[in-house]
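To start, the structure under review is shown below, and the notes come after it.
The values are calculated or read from the model by the stated rules, or taken from the named source; none is laboratory data. Treat the numbers as computed from the prediction; the structure is a model and nothing was measured. With ideal geometry, Cβ positions are generated from the backbone for all residues, glycine too; neighbour counts draw on all protein chains shown. Accessible surface areas use protein heavy atoms only, side chains included; no ligands, DNA or RNA. Shrake-Rupley method; radii C 1.70, N 1.55, O 1.52, S 1.80 Å.
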Amino acid sequence: MLTTFKSSSPGVFFQVGATRDGLDPYLDAARRRGMRALLLETPAYLRWRQQLGRRPFDEELPVAHPAQVDEVLQALEAHGHLGGTALVLAGFERYVSSAFALAALLAPRSLGRRADGPFCPVDKWGQRDALACGHPEVLQPRYARFTLGIQEAAETLPLVGFPQVVKPSNGGGGLGVFLAEDASQRDQALARLGTLANYDGSPFTRVLVEEFIEGREHSLQGLAWEGRAYLLTTCEKLIVHEVAPETGLCGFREAGHLATHGAQASPALRALGQACLEATGYRQGPFHVDLIQNARGAFFVEMGFRLSGGGLVALVEKTTGMRWADMVLEACLGERAPVLAPVREGPGACVGQVTCTSEDELRAGERLLSQGVRAEVRRMPPRSPSCPVADEETLASDKLRHASFTGRITVYGRTLDTVRHALAGCIAARLGA
């Protein structure tokens, strides 16, 4: 699956929004094909990205509001970039909707064959409605939805019960997700959401209040081709609960993931991935699905129409040998159906990773090496970037969720239990256990 692509006239690749996990898989895939790569982002984040030492795209175009299609088009026209576009994809959750809208205008042939027009991604509200209508057999938490400051959900809130999860409908990366044990904490969480902003500085308005489901959290990493779901990997999530000292509210962070080949997914998980595509009308491109499993079954949590963040693109390749981004470019350009690599046997059949936020975690990873565990410890270069006062508001959520990473630990094993046990010690180091 490690293919290098060549083309006589590859065209231009536009990425809307930068990744936040230190990886640039679309940039790598575009360059392997000989495509010129253009990144569209806020001026503030482009400056921040440079200070973080990220690799530059062939061209980086500042746009104050990348979520606004008209503004992006004006910027592209001003810089002479409205012609020669081969592909437009989202690099970050916040800009998924604008990326698909831009793709329909600039590179319609890259959207695959659709009889009913271009795809319009739906947020968490829309995903719940779509599944309830198109695949009512899919389990979902009980939920209420409303707009901040408007009380239309008052009648449905009592049906949800406690504990509850409060989260913005169009958020990503765990931003603004809180656990509420009672009505007082829920009100506090909603008030806190009113003070947070999305990753481009825009306010949150649409909110979901969901039943908290006990169980193990998982995710599916996949690729849609003509409406069929191809699963590359399934991942068990390692979740850490974090209490904010300034508010006392409990939030969630994905500390790590345990990956196995998608071919080993249960029939129920394969059916869930396919149901999500059918319910939302998604036919071509990358996707991931978050879910919680317990004795009652697999509960749908949310879906993303992009590559996963959190370093999972690299984890997919380490687990399966498949380059997810390269496969996305092939599929979105209509070149061929995905070809999945065979399941690996032996010590690399299961691969897990932890994204570290402390030196203690990294030292715990190094101890694994001394114990003979097959592991990799990658330290991120120490940086203390500063930003202009004018950028503080736009970058507030990025600095809250993505500025504290110190490195990643990867562990290879024959079974999930082996990998889980090794990484649990690293996470315990974070918690001071």
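Note on the range 230-362: Kirkwood hydrodynamic radius from all Cα pairs is 16.4 Å, rounded to one decimal.
Just by accessible area at a 1.4 angstrom probe, what is the order of 137, 71, 361, 392 from largest to smallest? Before the final figure, lay out each step's value.
Details: 137 120, 71 55, 361 0, 392 75 Å².
Ranked list, largest accessible area first: 137, 392, 71, 361.
Report, in deg cm²/dmol and to the nearest 500, the calculated mean residue ellipticity at 222 nm for the chain, where each DSSP H run with n ≥ 4 adds -39500 (n - 2.57) and the sum is divided by the residue count.
Working: 13 runs with 137 residues, N = 433.
Estimated from H runs of four or more residues: -9500 deg cm²/dmol.
Lysine pair count for the chain with Cα-Cα distance under 29 Å and sequence separation of 8 or more or different chains is 9.
Helix by helix, which DSSP H runs in the chain go 24 Å or more along their axis at the Cα atoms and have an average Kyte-Doolittle hydropathy of 0.0 or more?
Numbers: long enough: none.
Helix filter hits for the chain: none.
Given 20 °C and 1.002 mPa s, how large is the Stokes-Einstein diffusion coefficient of the range 16-140 in µm²/s, with Rh as the Kirkwood radius over Cα pairs? The diffusion coefficient I find is 134 µm²/s. Straightening the chain between residue 183 and residue 396 buys 73.9 nm, computed as 0.36 nm per residue apart minus the Cα-Cα spacing.
How long is the gain from residue 363 to residue 389 if the chain were fully straight, where each residue apart is worth 0.36 nm and the alpha carbon distance is subtracted? Walk me through the numbers on the way to the answer.
Details: separation 26, 0.36 × 26 = 9.36 nm, distance 3.50 nm.
Answer, rounded to one decimal: 5.9 nm.
Would you work out the relative contact order for the range 260-340, in percent, from Cα pairs under 8 angstrom that are 6 or more residues apart? All intermediate terms of the calculation are to be shown ahead of the outcome.
On the way: 69 pairs, mean separation 19.1, N = 81.
Relative contact order comes out at 24 percent.
Once R0 is set to 35 Å, what does the formula 1/(1 + (r/R0)^6) return for the Cβ-Cβ distance between residue 156 and residue 246, expressed as a FRET efficiency to the nearest 0.05? The formula returns an efficiency of 0.70 here.
Could you give the semi-axes, largest first, of the ellipsoid that matches the range 172-311, computed as the square roots of 5 times the alpha carbon gyration tensor eigenvalues and rounded to whole Å? List each step's numbers first, then the result.
Numbers: eigenvalues 167, 59, 39 Å².
That gives 29, 17, 14 Å for the three semi-axes.
Rolling a 1.4 Å probe across all protein chains gives residue 217 an accessible area of roughly 50 Å². Structural descriptor for the range 285-432: relative contact order 25 percent, calculated from alpha carbon pairs under 8 angstrom and at least 6 residues apart.
Can you list, largest first and rounded to whole Å, the semi-axes you get for the range 116-217 by taking the square root of 5 times each eigenvalue of its Cα gyration tensor?
The three semi-axes for the range 116-217 are 22, 19, 13 Å.
Grab the beta carbon distance between residue 343 and residue 378, set R0 = 41 Å, and tell me the FRET efficiency rounded to 0.05.
On the way: r = 26 Å, r/R0 = 0.62.
Step by step, r from the Cβ atoms, then E = 0.95.
Residue 28 to residue 51: FRET efficiency via 1/(1 + (r/R0)^6), r the Cβ-Cβ distance, R0 22 Å, to the nearest 0.05? E between residue 28 and residue 51, to the nearest 0.05, is 0.55. Its convex hull of Cα atoms gives the range 257-300 a direction-averaged projected area, equal to a quarter of the hull surface, of 3.7 nm².
Rg and Dmax over the alpha-carbon atoms of the range 215-293 stand at 14.9, 48 Å.
The value given for the chain is a Kirkwood hydrodynamic radius of 22.3 Å, derived from the mean inverse Cα-Cα separation.
Its relative contact order, with pairs defined as Cα atoms under 8 Å and 6+ residues apart, puts the chain at 15 percent.
Can you sort 213, 239 by solvent-accessible area, 1.4 Å probe, largest first?
239, 213
Rg and Dmax of the range 26-96, both derived from C-alpha coordinates alone, stand at 12.1, 31 Å.
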